[in-house]
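Below is one structure; the comments refer to it alone.
The values are calculated or read from the model by the stated rules, or taken from the named source; none is laboratory data. Every value quoted in this text rests on a predicted model; they were computed, and no experiment measured them. Ideal geometry is used to build each Cβ from the backbone, glycine not excepted, and the neighbour counts take in all protein chains shown.
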Amino acid sequence: MVTAGTGNPNVTLLRVPQVAEYNRAARHDTPGVVEIQERPMALELILIRVAFMGVADDDPGSVKVVKGTFTVTALATALSATVWVVVYVALDLPRSAAIPFLYQILTVAGLIFLARTKRFTLFHNSQLLMYLVFPFLLMWSLGGFANGSAVAIWAIAAPLIAVGGKAWPWLGGFAVLALFSGAADASFAASAPVVPPTGIVVMFVLNLVGVVFMVFIALGYSVRERNKARAALDAKHAELEVEQEKSERLLLNVLPASIAERLKGGEEVIADLVPDVTVLFADIVGFTTLSKDMAPQEVVEFLNGVFGDLDDLADSFGLDKIKTLGDGYMVVGNATRPLPEHASAVLDMALVMRDRVADRPFGPGRLVFRIGVDTGYAVGAVIGKKRFSYDLWGNTINAASRMESHGIPGEVQVTERVTQLIGHLFDFDERGKIEVKGIGEMTTFLLRGRKKSTLTIGDETAERAAWRADPA
């Protein structure tokens, strides 16, 4: 990166390859930093320095553009006034030539004052006053509208480029001076200097072309900079949309979709009593022992593969993964989205886990799950302020967890409530009474499969097909 000094400690010019927008600092509200092309023209460097003379460090990007436009216009007008000075001197009209020359001197002094003090309002108002008064003074010195080639038209610049929505007072001033000039035109004409007809025509052309060019340059510069600022804002908006999409994807990886939508909608506390859910806990049997000889990356890749399959399986059955606990996995049905056949969906998933997902190499043998299921009520809530998560509590959750931890490797153990709810669709073997930690004695059952009257494992029941067609 190559830097070029500006003489102003608040402004640094940066030459950045292939970057044409020198006002990028204004667009991004970065104080005092301007990016320009690799080989900017000398005139462009001057315009950059002039444009940022009145810019304050804390000015918003749009204000920087407006101030820059006004300051550049003042410089362009002062430079163009040279033509009028030369012409009036050539026509032997020294009094008239002195007026644009005085404007040039005052404008240069104003620019120096602006660069040193940053007092843009004073510079702005003094320039508008000169824009308004000097053209009329010049016209009066030439003998009125006709002899002065309507040079007063330059005064329209005052209301046109007034900053901050204050054009009306300057427009009113223009109207007053124009009416006065019209009323007193005969008096001015009586003392008019001799101006050759050719000189009058030349000055008419210069005034007409000059005003058009001044307005065109000012408006063109402003529109160009505003378009650049708008393009930068659009690009920033597109970046924000991409980041928002990433955030939403991350949120959906942490929370169920319906819960994420509620949080985005403004709910601060989410706690629901869910009267009817089915919960599954699963654990990889012997994982701790078998994984101790695996490299950390191998462990992560293995678990990602297994849990990725389970995530896809849960989605296919309309279930929500709640969390993973080391090598354990928790899934629930009917907690965050309606699922009338939640019990059968959970048991179908348990069967696929037991018979298909587990059919992969693991250590010297095959992957084996120990699975527990219960059904009933639960409380679902979002916990945490920074690293929040959605979780479930209640007797149903505790019982499902105990069915897994007190279960048999390679089996799906369920509570008696599950068999009472879904026994007409699935076959179970009674395991008998077992002592369950924290709960006491319970009669549990082992899931064998679907009844022969229903579709085979992995296929859909009529109820599941109906739910897929209309999940609402």
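A few remarks follow.
- Where a residue in segment 265-293 is of a type in the set (S, T, N, Q) and its partner, wherever it lies, is in a helix (DSSP H, G or I), with Cβ under 7 Å and at least six apart: 278/342; 278/343; 278/346; 291/299
- Check on residue 418, touching a residue at least 12 places away in the same chain (Cβ under 8 Å) and either in contact with a His (Cβ under 8 Å, 6 or more places away or on another chain) or not assigned by TED's automatic domain parsing to the domain that holds residue 356 (or both): no
- Listed conditions (1) outside any helix (DSSP H, G or I); (2) over 39 Å from the mean Cα position of the chain (by Cα) are all met by residue 274, apart from (2).
- Members of segment 102-118 found to be small (Gly, Ala, Ser) and more than 13 Å from residue 50 (Cβ to Cβ), listed by number: 109
- Within segment 333-362, residues that are under 27 Å from residue 301 (Cα atoms) and touching a residue at least 40 places away in the same chain (Cβ under 8 Å) reach partners that are among the charged types (D, E, K, R) and surrounded by fewer than 23 Cβ atoms within 10 Å (Cβ to Cβ) with beta carbons closer than 8 Å, at six or more positions or on different chains, in the pairs 348/450; 348/464; 351/450; 354/411; 357/309; 358/366; 360/366.
- From the list 162, 167, 155, 189, the one residue that fits, being more than 13 Å from residue 128 (Cβ to Cβ) and not basic (Lys, Arg), is 189.
- If you go through segment 383-440 and keep only what is assigned to a strand (DSSP E or B), buried (at least 19 other Cβ atoms within 10 Å of the Cβ) and at pLDDT below 95, you end up with 390, 392.
- When residue 299 is tested against (1) modelled with pLDDT of 90 or more; (2) part of a helix (DSSP H, G or I); (3) within 43 Å of the chain's Cα centre (by Cα); (4) not small (Gly, Ala, Ser), exactly one condition is not met: (1).
- Per-region count, segment 306-331, residues touching a residue at least 40 places away in the same chain (Cβ under 8 Å), farther than 25 Å from residue 383 by Cβ and under 35 Å from the mean Cα position of the chain (by Cα): 2
- Contact map, segment 366-391: residues that are without any contact (Cβ under 8 Å) to a residue 40 or more places away in the chain paired with residues that are basic (Lys, Arg) and crowded, with 23+ Cβ neighbours inside 10 Å, Cβ distance under 6 Å, separation 6+ or inter-chain. No pairs are found.
- All helices (runs of 4 or more DSSP H) inside segment 156-246 with 2 or more residues being loosely packed, with under 15 Cβ neighbours inside 10 Å: 167-183, 185-190
- Among the candidates 133, 151, the residue that is in contact with a helix residue (DSSP H, G or I) (Cβ under 8 Å, 6 or more places away or on another chain) and surrounded by fewer than 18 Cβ atoms within 10 Å (Cβ to Cβ) is uniquely 133.
- Scan of segment 322-335 for residues that are modelled with pLDDT of 90 or more and surrounded by fewer than 22 Cβ atoms within 10 Å (Cβ to Cβ), ordered by number: 328, 330
- Within segment 336-368, tally of residues that are in a strand (DSSP E or B) and crowded, with 21+ Cβ neighbours inside 10 Å: 0
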